[in-house]
Amino acid sequence: REAYAQLLFFASADAYCRANGLDISPESNAGRGPVDFKISRGNIKVVVELKLSKHSRLLHGWTEQLKTYRKSEGAQRAFYVVIKVTDGKSEALDRLRELESKDKKAGKPTSSLVIIDGLRYPSASKT
């Protein structure tokens, strides 16, 4: 479930943020709905949105949702973290990679796409 991924991210990020003088706010809402996480130090802000690869609006999250959150929070950077939970080739993940690359080549301020392999694999000791 996406909520579990968010809790795991928060647990790790909270410890890192505390150790480095950063503020992390889960479900921050600056008026256009809550972004999963806002990390800040003074006026420098970063937003992080997490999605599972099976999410029905995965592409919308990149093309619309994250851009709206970035603007409403006044964030300088944004990360779109996708956890791959479905096996095999994913057209949506391929399309996300294309969109990120296209934005970078066009010189647009773009978010960073991070894809994490969240698939379960058999233990090496049991193969």
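Annotations for the structure displayed:
- When the criteria are applied in full, Lys51 meets the requirement of being of a type in the set (Lys, Arg), touching a residue at least 40 places away in the same chain (Cβ under 8 Å) and open to solvent by less than 40 Å² (accessible area, probe 1.4 Å).
- From Ala5, Ala92, Ala15, Ala19, residue being closer than 20 Å to Asp103 by Cα and small (Gly, Ala, Ser): Ala92
- For the residues Ser123, Ser111, the requirement of being open to solvent by less than 60 Å² (accessible area, probe 1.4 Å), out of contact with any helix residue (DSSP H, G or I) (no Cβ under 6 Å at 6 or more places or on another chain), over 19 Å from Tyr4 (Cβ atoms) and without any contact (Cβ under 8 Å) to a residue 60 or more places away in the chain singles out Ser123.
- Note on the stretch 22-39: among residues that are hydrophobic (A, V, I, L, M, F, W, C) and open to solvent by less than 40 Å² (accessible area, probe 1.4 Å), the one that is nearest to Arg95 (Cα to Cα) is Val35.
- For the stretch 70-92, the set of residues classified as open to solvent by 20 Å² or more (accessible area, probe 1.4 Å) and over 19 Å from Gly118 (Cβ atoms) consists of Arg70, Lys71, Ser72, Gly74, Gln76, Arg77, listed by residue number.
- Exactly one residue among Leu99, Leu93 is farther than 24 Å from Tyr4 by Cα, aliphatic (A, V, I, L, M) and in contact (Cβ under 8 Å) with a residue 24 or more places away in the chain, and that residue is Leu99.
- Residue check for Gly42: surrounded by fewer than 19 Cβ atoms within 10 Å (Cβ to Cβ), at pLDDT 90 or above and at positive phi: yes
- Taken as a whole, the structure leaves Val81 outside the set of residues that are touching a Ser or Thr at 6+ places or on another chain (Cβ under 7 Å) and β-branched (Val, Ile, Thr).
The values are calculated or read from the model by the stated rules, or taken from the named source; none is laboratory data. In this text the structure is predicted, and so the values were computed from the model without any measurement. Note that each Cβ is placed from the backbone with ideal geometry, even for glycine, and that neighbours are counted across all protein chains shown. Just so you know, the surface numbers come from the protein's heavy atoms only, side chains and all, with ligands and any DNA or RNA stripped out. Shrake-Rupley method; radii C 1.70, N 1.55, O 1.52, S 1.80 Å.
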